[in-house]
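A short worksheet on the structure shown next.
The values are calculated or read from the model by the stated rules, or taken from the named source; none is laboratory data. Worth saying up front: this structure is predicted, and the values here are computed from it rather than measured. Cβ: placed from backbone, ideal geometry, glycine included. Neighbour counts: every protein chain shown. For the accessible areas, the whole protein counts, side chains as well, though only heavy atoms, and no ligand, DNA or RNA atoms are used. Shrake-Rupley method; radii C 1.70, N 1.55, O 1.52, S 1.80 Å.
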Amino acid sequence: MHFFENGCEIVENFISEKWCSIILKEIESSGLSTEISGVRNINKKLKSVAEYLSSDEFKEEASIFVPVKAQLVRAILFNKSPESNWFVTWHQDKTVSVSSKFEESGWGAWSVKENTLHVQPPLAVLERMVTIRVHLDSTPKENGCLKVIPNSHKLGILNPEQINEVIASENVYFCEAKKCAALIMRPHLLHASSKSSEPTNRRVLHFEFSDWQLPGAVRWG
């Protein structure tokens, strides 16, 4: 699979063992609960994640996929574990987080999650966004890896009936990833994940980037 052609790609050894160990050590010593669907704003809660995002290593690896002037839109830590073994139905990521509300054509469905404003942008914004999912643990199919429908991002924003039609007619690709690998994808690529049949820690750092120019003094995140 190739990101620019299929909307997704797995990159082996995206994060070094050194950075992976530093982040895992802080996760485990922080007392931060990961027994929920996701810990938002993880770059503001863990110093190691913020430092990793600013590192030359991350910038070099991400530069192949992320536009030069892109900014971080969202940062989440996911952990599917024996204590929190969940599944996610087929969907597209269609919302972004911003600093304040604004009025602009095509932006709507405002909501607040963990004291952060979220909004659904126009398709043109999603088409220029990049999601990077950094795997801090190996993620085989048995541990609930992400599954996607390649090229489905080219279909635009889909309603539930259209999503059902696509998943019934297209092949599913399981994004099995080794520790330190990253899954690069478009946010509105159809994706889902099943419960783990052999649950262990499945810690993934989920980063979203955009180079879209927001109005006025509005900032991403």
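When the solvent-accessible surface of protein heavy atoms is calculated with a 1.4 angstrom probe, in what order do LYS195, LYS147 fall, highest first?
Details: LYS195 120, LYS147 40 Å².
From most accessible down to least: LYS195, LYS147.
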query: Can you count the Lys pairs in segment 84-221 whose Cα atoms are under 30 Å apart, with each pair 8 or more apart or on different chains?
result: 26
- prompt: Cα centroid distance between segment 42-82 and segment 122-201, in Å?
  reply: 18
- prompt: Roughly how many debye, to the nearest 20, is the charge dipole of the chain about its Cα centre, given +1 on each Lys and Arg Cβ, -1 on each Asp and Glu Cβ, and no other charges?
  reply: 440
- line: Dividing the mean separation of Cα pairs under 8 Å (6+ apart) by the residue count of the chain yields a relative contact order in percent of 34
- line: Computed over segment 1-82, the relative contact order (Cα-Cα under 8 Å, seq sep at least six) in percent reads 37
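If Lys and Arg each add +1 and Asp and Glu each add -1, what is the summed charge of the other residues whose beta carbon sits under 14 Å from the beta carbon of GLN71?
Result for the neighbourhood of GLN71: +3.
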field: Selection from SER210, ILE42, CYS145 lying farthest towards where the dipole of the chain points positive, charges on Cβ
entry: ILE42
message: Please compute the modelled spin-label separation between LEU53 and LYS141, points set 7 Å along Cα→Cβ, answer in nm with one decimal.
response: 3.4
- line: Non-local residues with an amide H under 5 Å from the amide H of ASN41, with H modelled 1.01 Å from N and Pro and chain starts lacking one, are ALA75
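Quick check for you: with a 1.4 Å probe and neighbouring chains kept, what is the accessible area per residue of the chain, in Å²? Don't jump to the answer; show the numbers that get you there.
Details: 10770 Å² over 221 residues.
About 49 Å² of surface per residue is accessible.
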- request: Could you pull out every residue, at least 5 positions away or on a different chain, whose amide H is within less than 5 Å of the one on SER196? Hs are placed 1.01 Å off N in the peptide plane, and Pro or chain starts have none.
  value: TRP86
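Need the full-extension length gain, TRP110 to GLU26, defined as separation in residues times 0.36 nm minus the C-alpha distance. One decimal, nm. Show your work: numbers first, answer last.
Numbers: separation 84, 0.36 × 84 = 30.24 nm, distance 3.30 nm.
Once the chain is fully extended between TRP110 and GLU26, it gains 26.9 nm.
Let me have the 222 nm mean residue ellipticity of the chain computed from DSSP H runs of 4+ only, each contributing -39500 (n - 2.57), with the sum over all residues rounded to the nearest 500.
-6000 deg cm²/dmol
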- prompt: Of the labelled options (1) 35; (2) 44; (3) 30, which one gives percent of Cα pairs over 27 Å apart as computed for this structure?
  reply: (3)
